[in-house]
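The values are calculated or read from the model by the stated rules, or taken from the named source; none is laboratory data. The shown structure was predicted, so the numbers you read here are calculated from the model rather than taken from an experiment. Virtual Cβ from ideal backbone geometry, glycine too; neighbours counted across all protein chains shown. To get the accessible areas, we keep the full protein, side chains included, count just its heavy atoms, and leave off ligands, DNA and RNA. Shrake-Rupley method; radii C 1.70, N 1.55, O 1.52, S 1.80 Å.
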Amino acid sequence: MFRFTEQFVALDYEGLTYNPCDDVIFPSVIRVDDKLKDPKAKYYMYFAPHNAPGGICLVCSDDLTGPWTEIDGNPLIEKDWLPHHEVSHISSPHAIWRPDLEELWLYYHGENTTTRWARSKDGVSFTYGGEAVQTPEMAEMSGASYARVFDSPFEGTPRFLMVILLFKYAEGTWERFEKFGLYGAWSDDGEVWDLCNKPIASLDDFGPSSFVCSPFVWSRKGRTFLIFHLDEVTDAAVGRNLTSVCGLEINANLGAVSESFTVCDRAFFGEGNQRFADPCLVEEDGAVFLFGAIGPRLNQRIGCAVGTWYGDGRIEPKGG
């Protein structure tokens, strides 16, 4: 389905003015020169550190290949934003343009139990919006985070589709999970969300030594795919994870209609690279730019794989 031919490091934490953790994750790349009135560049990339204190940050570029320039004033959103929240960390920014409001909306989590949103006219100064999703009691989960939001690709559905990670830690650990899944949620206004009670992909699909996270919805020629990263949890890796970007085809009921397949293997960035995570896809002039976090967990940079999508590719239907 995807054929990648080039790769590069888009953003290194070294040299950043705001660098609390030597770690940057979860890129959200959006074209803004055709949206904002006075943009700093053609593209904005939002990102964050993983661990506390986190912080929602921004770099800009006129070209997807860079260079990406850090703006003054990072982080744009901090963990303490009184009176709205005072938490240990915030992370996983995802930007979506609202043409009806002429605003950029940004979703992020903090704590792991809560996904929030904020709004902006210029993509830099934000006004707090509210809580989008709290960890649901019905699923007995520990967290609701790493969400991305999209205009729904399906007819006859609410306007917006969110896919979000719900998880429950195994007793006595922060690294193993009793259960997890990527769940859909629907909204007509981007504020109030109706969370689906059945996961699109879960522990049952991948097994106890795995983990899925960071969903991205991507549609072409009437087909819609859920792209995500798949962890293999192992003591052999620094940070305990070997991670590649994978995907599966989904339908309007948010059910998988294909088996999972590899979109881009971690080793595309070098045999010793342990992770390619947090996928974000952007297209320009027929090329696919797949941004994501590379390196060992908690010490990552933002990398990008460049290639093409070939629509005649065949994947195995769900169930064989």
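Of the strands (runs of 3 or more DSSP E) entirely within segment 208-315, those holding at least 3 residues that are surrounded by 15 or more Cβ atoms within 10 Å (Cβ to Cβ) and in contact with a Pro (Cβ under 8 Å, 6 or more places away or on another chain) occupy 210-220, 223-233, 287-294. Considering only residues of segment 45-96 that are in a loop (DSSP other than H, G, I, E, B) and of a type in the set (Gly, Ala, Ser), which is farthest from residue 25 (Cα to Cα)? Filtering segment 45-96 for residues that are in a loop (DSSP other than H, G, I, E, B) and of a type in the set (Gly, Ala, Ser), the one farthest from residue 25 (Cα to Cα) comes out as 73. Residues that are touching a helix residue (DSSP H, G or I) at 6+ places or on another chain (Cβ under 9 Å) and within 16 Å of residue 308 (Cβ to Cβ) were ranked within segment 1-22; the one that is least open to solvent (accessible area, probe 1.4 Å) is 4.
Only one entry of 115, 135 meets the criterion of being open to solvent by 10 Å² or more (accessible area, probe 1.4 Å), of a type in the set (Val, Ile, Thr), touching a strand residue (DSSP E or B) at 6+ places or on another chain (Cβ under 8 Å) and on the phi < 0 side of the Ramachandran plot, and that entry is 135. Screening the candidates 67, 75, 93 for the property of being surrounded by 23 or more Cβ atoms within 10 Å (Cβ to Cβ) and at pLDDT 95 or above yields one hit, 93. Restricting attention to segment 97-106, does a residue exist that is over 26 Å from residue 160 (Cβ atoms), assigned to a loop (DSSP other than H, G, I, E, B) and without any contact (Cβ under 8 Å) to a residue 12 or more places away in the chain? Checked segment 97-106: no residue is over 26 Å from residue 160 (Cβ atoms), assigned to a loop (DSSP other than H, G, I, E, B) and without any contact (Cβ under 8 Å) to a residue 12 or more places away in the chain. Of the strands (runs of 3 or more DSSP E) lying entirely inside segment 110-168, those carrying at least 3 residues that are within 24 Å of residue 33 (Cβ to Cβ) are 114-120, 143-151.
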